[in-house]
1. Considering only region 22-54, state which residues are at pLDDT below 85 and closer than 13 Å to Asn72 by Cβ.
2. Name, by its number, the condition in (1) modelled with pLDDT of 90 or more; (2) of a type outside the set (A, V, I, L, M); (3) over 18 Å from Glu163 (Cβ atoms) that does not hold for Tyr68.
3. Within region 53-63, is there a residue that is closer than 16 Å to Gly160 by Cα and among the acidic types (Asp, Glu)?
4. For region 12-62, enumerate the residues that are part of a helix (DSSP H, G or I) and more than 19 Å from Ile123 (Cα to Cα).
5. Within region 73-90, work out how many residues are part of a loop (DSSP other than H, G, I, E, B) and either crowded, with 17+ Cβ neighbours inside 10 Å or touching an Asp or Glu at 6+ places or on another chain (Cβ under 8 Å) (or both).
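The values are calculated or read from the model by the stated rules, or taken from the named source; none is laboratory data. Here the structure is a predicted model, which is why all the values come from computation and not from measurement. Backbone-built Cβ (ideal geometry, glycine too); neighbour counts: all protein chains shown. All accessible areas refer to the heavy atoms of the entire protein, side chains included, with ligands and DNA or RNA removed. Shrake-Rupley method; radii C 1.70, N 1.55, O 1.52, S 1.80 Å.
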Amino acid sequence: MSDSRFENVLRLEYPLFEKALNDNLTRDYVGEILKLYEDLKTEACRFETKIYKVYLDFAVAINAVYKYLLVNEVEKDEALRIMSEFCINTINKSLDRLSFIQLAFHYSTNKAYLKLITISSIITLESLKLANELKEHDMDEELSKSMEECSVADYFNYYGVEELMETVEVVENSFDMFLDKNVNHNKGKEVVIRI
């Protein structure tokens, strides 16, 4: 896991946080969110056997950001909107970094790997680590399920932030929309039609 990736993602989304926080808070938001994240990550061990690790890492990260927003008196609806935009922006940027050939390969051989990349893009883009995740587990089966089916909702219930499932749904829907937009399902096989 690469904390520096999460830190960079938070910095890249500065304009999003700047809109919701006052100047003092905006100056320190990255460090404060990373502290919350470390605390939540330590506590996440209780869920490690129940929730697929990549999904758990994602849940911990968005819980830390959301918790920070709420603690700093951002309205719940506004915080959820920011969370959705934060995730969509990050996923789109990570997909933009993939070349046409990489995307074509992932579409034709293993869409689960592409889903793994998009969901983990907030925390890491370490391709070797992600490839090892797929080798070590039967991730095709795990990744074909929704995050809710993989017990992420239990994690949010534990922290009393069940509304974060809305953000999870936005993330999963954005992945499906990306596939629908960029994959042609004619003739029974998948072909990348647009990047």
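1. Result: Asn22, Asp23, Asn24, Leu25, Thr26, Arg27.
2. Exception for Tyr68: condition (3).
3. no
4. Pro15, Glu18, Lys19, Ala20, Asp23, Asn24, Leu25, Thr26, Arg27, Asp28, Arg46 - these are the residues of region 12-62 that are part of a helix (DSSP H, G or I) and more than 19 Å from Ile123 (Cα to Cα).
5. Selection size over region 73-90: 1.
Conditions tested, residue by residue: (1) open to solvent by 60 Å² or more (accessible area, probe 1.4 Å); (2) modelled with pLDDT under 65; (3) not in a loop (DSSP other than H, G, I, E, B).
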{"site": "Leu125", "(1), (2), (3)": "no, no, no"}
{"site": "Asp140", "(1), (2), (3)": "yes, yes, yes"}
{"site": "Glu149", "(1), (2), (3)": "yes, no, no"}
{"site": "Asp154", "(1), (2), (3)": "yes, no, yes"}
{"site": "Met165", "(1), (2), (3)": "no, no, yes"}
